[in-house]
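Q: Sharing a structure below in structure tokens format, with a few things to ask.
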Amino acid sequence: MRKDSNVDIGTTPFDHTVPAGKSPIEFVFRKPGFDDKTLSLVPETPTAALSATLLARAPQPEPRTAAARPPRPRTATTRPKHPPRPVNDEDGVLEPSFR
């Protein structure tokens with residue numbers, strides 16, 4: 001497709017004649033499942049050619065549905081699992097534990 005006129009000019013591979021000149025002409029190459037590619041050509045010679053390589057789009061993840069995964073029950077996380085032990089430490093040295 002010519003970008004300046006938004007006119008579809010064919011399916012690749014194809015030959016297309018443009019008038020010679022020094023002004024660049026932009027072409028857009030499109031294919032479903034691929035990123036668009038825009039290339040510019042200055043038609044100074046009668047045998048000017050373009051070649052484009054299109055990159056495949058990354059597959060889109062499918063949207064999750066509510067039925068796919070049940071919600072997890074919420075649990076209270078503010079309470080510690082075990083109550084803290086009272087600390088009786090007058091000298092600041094911890095007592096060893098051999099459990």
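Q: Among what's in the range 1-49 and is of a type in the set (Val, Ile, Thr) and in a strand (DSSP E or B), pick the residue that is farthest from residue 59 (Cα to Cα).
A: Among residues in the range 1-49 that are of a type in the set (Val, Ile, Thr) and in a strand (DSSP E or B), the one farthest from residue 59 (Cα to Cα) is 25.
Q: Between a residue in the range 1-27 that is among the polar types (S, T, N, Q) and any residue that is assigned to a strand (DSSP E or B) and surrounded by 11 or more Cβ atoms within 10 Å (Cβ to Cβ), which pairs come within a Cβ distance under 8 Å, given they are 6 or more apart or on different chains?
A: 12/29
Q: Would you point out which residue out of 47, 53 is surrounded by fewer than 10 Cβ atoms within 10 Å (Cβ to Cβ) and either among the aromatic types (Phe, Trp, Tyr) or touching a strand residue (DSSP E or B) at 6+ places or on another chain (Cβ under 8 Å) (or both)?
A: When all the criteria are applied, what remains is 53.
Q: Applying the selection to the range 19-44, what residues are of a type outside the set (Lys, Arg), surrounded by fewer than 13 Cβ atoms within 10 Å (Cβ to Cβ) and over 29 Å from the mean Cα position of the chain (by Cα)?
A: 19, 20, 21, 23, 24, 42, 44
Q: Just name the residue that is modelled with the lowest pLDDT out of those in the range 1-33 that are within 17 Å of residue 47 (Cβ to Cβ) and among the aromatic types (Phe, Trp, Tyr).
A: If we take residues in the range 1-33 being within 17 Å of residue 47 (Cβ to Cβ) and among the aromatic types (Phe, Trp, Tyr), then 14 is modelled with the lowest pLDDT.
The values are calculated or read from the model by the stated rules, or taken from the named source; none is laboratory data. None of these values were measured; they are calculated from a predicted model. Heads up, the Cβs are rebuilt from the backbone with ideal geometry, glycines too, and the neighbour counts pull from every protein chain shown.
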